[in-house]
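Report on the following structure.
Readers should treat all values here as calculations from the given coordinates under stated rules, not as data from a laboratory. Computed from a predicted model, the values in this text were never measured in an experiment. Don't worry about glycine lacking a Cβ; one is built from the backbone with ideal geometry, like all the others, and counts go over all protein chains shown.
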Amino acid sequence: MTSKTLLFLFLTLLLYLAHYDVSAQQITVSGILIDYETEEPLSFASVGIKGATFGTITNQSGEFDFHINGNMLDKVLIVSMLGYENFETKISEIDYSKSIVIRLKKIPQVLEEVTIQDSLTGSNIIEIVINRMVVNYPDKPFLVEGFYRDIKRVNNSYISLLESAIQIFDNNHEPPRNPFKLREKVGLLQVRKSLGYNHKYIEYFDQGNLLENLLLNNTIRYYDFPDISNANAYTRVGISTIDNKEVYIILSRKKGVKIKFFVDVKNYAIVRLEYESDNDENILNVNDRYKDYFNRFVRIVKTIEYKYYEGKYYLNYMTMYKRNQWYHRENKTLDYDVELYQELLINDIHPSTSKRIKTKNRMKKYGLQYQDQPYEPEFWKNYNVIKRTQLDDKIIEDLERDGNLEQQFEGY
C-alpha cells in the first residue's frame, strides 16, 4: 500500500470521525427574533424543524435556545408567528457557535370591511369550527412532551419558581363529559422548584394543581365557547396570516371579557386564541378562608396556540397571567397584590401513538410543588424549554434571597 493511499485513507477516516462526532452530539441553535422594520423583539414565536414534530418558542424578549441532534444539519429551520412571513434556512447554513439574529417581515392585516366577499358571519364561522373540531383536531390517541413553568409574585417581589418536564396523553379531542374534570393524563418527568413554596405569602395563591388548572383553561380543548345562538356574540374583524396560512380574526365581547379567535380560512380550525378578562374594581369578594381579608380578582390574560402536523392541530403553547388583590377587611387597605404567571410549551408531538404515561410518572391531583421528582441537572441541559430572559434577572435576584437557585433545585 502506497503512502498516498495511506494518506487518503487517513483523511477519509478523519472526515468520517468528524462527521460522526457532529452527528452524535447535540447542537444548540441560539438567537433572537425581531421585527424587520422596528427591530422590536417578537415573543412566543414558534421555532422548529420543517416537517418535524419538535420545537420551541421565543421568550418575552424574542430569544430562544433550540436543542437538536447533530445529524439534522441538512434539515430546515423554520420560524413562524402570527402576522409575519415565515423564515426558513438550512441548519448547515447557520453559525450555531454564536447567537443569530432573525428578522421577520410583517404581513399587513386586511380589514374585512373592505374585502368581505362571503355571507358568513362570525357566529357562522364559530359554529362551523365547533362542528369540525373532531375533524381538525386529533381523533386518535396521542402523546405530547412539554415544559411547564409557573412564577408567583407578591407586592412586586417574586417569591417562587417551579419548572417541570412533562408528558400529556389524550385519547382524542372529543368534547369532555365534565368540563371541570381533566381528560388528559399527565406525567411528570422532572420537577425543579425554588424554596419559595415555604414562603409565608404562598397561602394567598391557589394551593391546588396549577398545571391541571391551566389545562382546564384550554378554551379550545374544553369547548368553552360563548353562546353561538346569539348572532351578535361573534364579529369578523379582519384577516391575518400564521405559518403561511390565512386566518379569520373573530372577536367576541361581553362584560369584562374579550376573546379573539384566529380561524384557518380553509379548514375552519382555531389556530390561536387570545383572552382578556377584567373585573369591576369596586367589587370585593369575601373569602371565608381568610377572615381578615377580602379577595378581589383583577385580571386574567391567556394565549393558546395550536400547531399543524399531518392533517391535525396539536397544542403548541399556552400562557396565562392572573392577578388578585387582598384587602384588609376592617380598614379596606390593600395589603397584598399577587400575580401568577404560567407558561406551557409543547416541544414534541407523538401522533397516533401506543405510548402511554408510566405509572411512576403520573401526576397527582395536588400541587406540583408537593410531588417530588428527581432533579437531574444533566437532563435539563438539552431539554427544550422557554429560555429565561434578561428580565428574569429580577426574578432570580428575588428568589436567591433564599440561597443559590441551583442549590434550591437540589433541595438544599
Among trypsin sites (Lys or Arg not before Pro) in segment 33-126, those in a DSSP loop whose Cβ has at most 13 other Cβ atoms within 10 Å are 50, 98, 105
Please enumerate, by chain and number, the aspartates and glutamates with C-alpha under 14 Å from the C-alpha of residue 364, excluding those fewer than 8 residues away in the same chain.
184, 212, 372
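If we count other beta carbons within 10 Å of each Cβ, what is the order of 228, 346, 396, fewest first? Working shown, then result.
Values: 228 17, 346 25, 396 14.
So the residues, fewest neighbours to most, are 396, 228, 346.
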With angles folded into 0 to 90 degrees, how steeply does helix 122-131 sit against the dominant principal axis of the chain? Use alpha carbons for both and round to 10.
60
What angle do you read, to the nearest 10 degrees and between 0 and 90, between the alpha-carbon axis of helix 3-24 and the longest principal axis of the chain?
10
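Dipole magnitude of the chain about its Cα centre, charges +1 at Lys/Arg Cβ and -1 at Asp/Glu Cβ only, in debye to the nearest 20? If you can, show how the numbers build up before the last one.
Working: 53 positive and 57 negative charges, 236 e Å.
Computed about the Cα centre, the dipole is about 1140 debye.
For the pair residue 171 and residue 366, what calculated FRET efficiency results from E = 1/(1 + (r/R0)^6), where r is the Cβ-Cβ distance and R0 = 25 Å, to the nearest 0.05? Let's see the in-between values first.
Working: r = 24 Å, r/R0 = 0.96.
For residue 366 and residue 171, the calculated efficiency is 0.55.
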Spacing of the two label points (7 Å from each Cα toward its C-beta) at residue 276 and residue 97, in nm:
4.6
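Which of the GluC sites (Glu not before Pro) found in segment 313-401 are loop residues per DSSP with 16 or fewer other Cβ atoms within 10 Å of their Cβ? List each step's numbers first, then the result.
Details: sites: 330, 339, 343, 378, 397, 400; in loops: 330.
Answer in residue order: 330.
Going highest first, how would you order 363-376, 248-261 by mean Cβ packing within 10 Å?
Going from most to least packed, we get 248-261, 363-376.
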Report the extension gain between residue 232 and residue 30 in nm, rounded to one decimal, defined as 0.36 nm multiplied by the number of residues separating them, less their alpha carbon distance.
68.2 nm
Any aspartates and glutamates with Cα under 12 Å of the residue 381 Cα? List them, leaving off those in the same chain fewer than 8 positions away.
65
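When a/c reaches 1.5 or more, the comparison of a/b and b/c decides; with that in mind, is the chain rounded, prolate or oblate per its Cα gyration tensor?
On the way: a/c = 1.83, a/b = 1.25, b/c = 1.46.
Since a/c reaches 1.5 but b/c is at least a/b, the shape of the chain is classed as oblate.
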